[in-house]
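**Student:** Have a look at this one before I ask anything.
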Amino acid sequence: VQLQASGGGLVQAGGSLRLSCAASGGTFSRNFMGWFRQAPGKERDFVAAVSWSGGTTYYADSVKGRFTISRDNTKNTVYLQMNSLKPEDTAVYYCAVGKTGFVPTPERFYDYWGQGTQVTVSS
């Protein structure tokens, strides 16, 4: 199983980025998926998760109203639309495939992880 994250980059505060994560080597249409992030010198934190159908989402308080998670099961891909970015959003962002059901946190409910994509927000 491989998860390939893309879409990171450098953006000014207030800008937007859209992250994508394509899963291969399996079918995950019955698994929830999520995004986490890790800033330098800090632990990895939960960002957002989406149920297998896409009908249920869950966000960390720090990103509510600014980030939107979605998925396309026909493409085995999960997305993270990030708007109104702040310097404190700077981190390496990781996508992950969860188990069946919907338990967005903690990390032990995720089976597979991507390699991460860097997001840097300048002030």
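No lab work stands behind these numbers, since they all come straight from the coordinates. Since we're looking at a predicted model, the values are computed, not measured. Note: ideal-geometry Cβ built from the backbone for every residue, glycine included; neighbour counts use all protein chains shown.
**Student:** Could you give the distance between the Cα centres of segment 1-16 and segment 27-50, to the whole Å?
**Tutor:** Cα centres, segment 1-16 to segment 27-50: 13 Å.
**Student:** Tell me, in nm to one decimal, what length is gained between Gln2 and Gln115 on full extension, where the rule is 0.36 nm per residue of separation less the Cα-Cα distance?
**Tutor:** Result: 39.8 nm gained on full extension.
**Student:** Report the calculated FRET efficiency for Ala39 and Val103 (r = Cβ-Cβ distance, R0 = 35 Å), to the nearest 0.05.
**Tutor:** Once the sixth-power term is evaluated, E becomes 0.90.
**Student:** Moving to a separate point now. Could you tell me whether segment 1-82 comes out rounded, prolate or oblate from its Cα gyration tensor? Rule is a ≥ b ≥ c as square roots of the eigenvalues, rounded for a/c under 1.5, then prolate if a/b exceeds b/c, otherwise oblate.
**Tutor:** prolate
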